[in-house]
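K.L.:
First the structure, which I've put down as structure tokens, then a few questions once you've had a look.
Here, each number is a calculation from the coordinates, and none is a lab measurement. Values in this document were obtained by computation on a predicted structure and should not be read as measured data. Note that we place each Cβ from the backbone using ideal geometry, even for glycine, and neighbour counts take in every protein chain shown.
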Ligand SMILES: [Zn+2]
């Protein structure tokens, strides 16, 4: 295409020499390009919706079209997810908003009102979409609107779709930051007029951020009144001197925030060490240390971080602070396959020990490229239980919810869906694509490389 070549030539010219003249020459092109890029945001949403209609996950043996977008476009899972959300804003969500039970409980008047509101919302959606396309509203602005609108309570005087259309109109004139505060203010003004008794409960949340280079992470919480009351009651005890030895209590230099944090961690610590019901294993922290690790603890240094079952890495000092000895489980791994052979120390039920054994060898989901920590994952029978596969450690592996849903237990190649299997030659667990002529694929992600199994295999097969 000639236009594309002209465009590229102009881009190359200013990249080679970003002069004042080049600025003047290139400005009209830059404006056009920016507009195109903004329009791409809506195009991306349309492509995501089309991928959903095409059941595109099947092309790569998965259930979700989100995985297909990640695979074909080389984008991150979070970016693919944003595009799908934007597509739902534009074209509506295919999953129903009311459950069957809720539909049954509806009176005829409520039903009439709902159908009317849905018709109004569809019109507003079309209006908002037209503005987004005509004015090439950027993906960033569209995402800001969605993010702020998520805080809108249910059953407000103005619906989400109506407010979205208004915000999209504002987006044509306002900067990203200004649009964010406009939408936020609007939501705050509309919210209190409603009397949804569960509004705070619906907003409850606790999210924990990524571990930073110091090993810590930020967390943020929204508390409903019950949680708020409990936490406030606990925090009331965090007066100066709280939790300190008598001799140190008079000279407490901690800030109020630090005392409150210490009080919270003390509660978590007590909950974690309390007797848990058998099989649950909830809140147990397991640190993966091989015999070699223990011997070379000094050599590795005080700052070396060891993997745990919850996806957080800990230094020796941090392990000790947790009361490390209590969590010291030893797993003996087969040197060739890195699979668990034997599990030392048994106190809990077998299933928890199998989890621990898989943790020691696998650490994360065994599907190619995945880094979901075992604590979040399912234990999967490689040869399915219905097919006579036993609940023995040799027949178990851990895979995440998403990958578990993509596993074809029947192994019949239907819908291009493959399955987890054990490599007959090496004994390692991996993914077998639906086409059995294709080789098995193993998880060599950065986190999987940290697993006990990978470390053992490296010692046995140094070339791997
Ligand atoms: Zn996975």
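K.L.:
Length gain on complete extension for the stretch residue 98 to residue 252, per 0.36 nm per residue less the alpha carbon to alpha carbon distance?
P.N.:
50.1 nm
K.L.:
If each of residue 201 and residue 392 carries a label point 7 Å out from its Cα toward its Cβ, how far apart are those two points in nm?
P.N.:
Taking the simple label geometry, residue 201 and residue 392 are separated by 4.8 nm.
K.L.:
With 10 angstrom as the radius, rank 420, 166 by how many other C-beta atoms surround their C-beta, starting from the fewest.
P.N.:
The order, fewest Cβ neighbours first, is 166, 420.
K.L.:
What is the list of residues in segment 220-253 whose amide nitrogen lies under 15 Å from a point 7 angstrom out from the Cα of residue 265, following Cα to Cβ?
P.N.:
242-245, 253
K.L.:
Using R₀ = 30 Å, calculate the FRET efficiency as 1/(1 + (r/R₀)^6) where r is the Cβ-Cβ separation of residue 425 and residue 379; round to 0.05.
P.N.:
0.80
K.L.:
Still on this structure, I have one more. Order the peptides 148-160, 203-215 from the highest to the lowest mean number of other Cβ atoms within 10 Å of their residues.
P.N.:
Result, highest mean first: 148-160, 203-215.
K.L.:
Please give the peptides 447-457, 360-370 ranked by average Cβ packing (other Cβ atoms within 10 Å per residue), highest first, as a rough proxy for protection.
P.N.:
Highest-to-lowest ranking by the protection proxy: 360-370, 447-457.
K.L.:
Along the Cα→Cβ direction, 7 angstrom out, place labels at residue 17 and residue 30. What is the inter-label distance in nm?
P.N.:
1.8
K.L.:
Roughly how many Å is it from the Cα centre of segment 201-227 to that of segment 5-37, as a whole number?
P.N.:
Computed from Cα coordinates, the inter-centre distance equals 44 Å.
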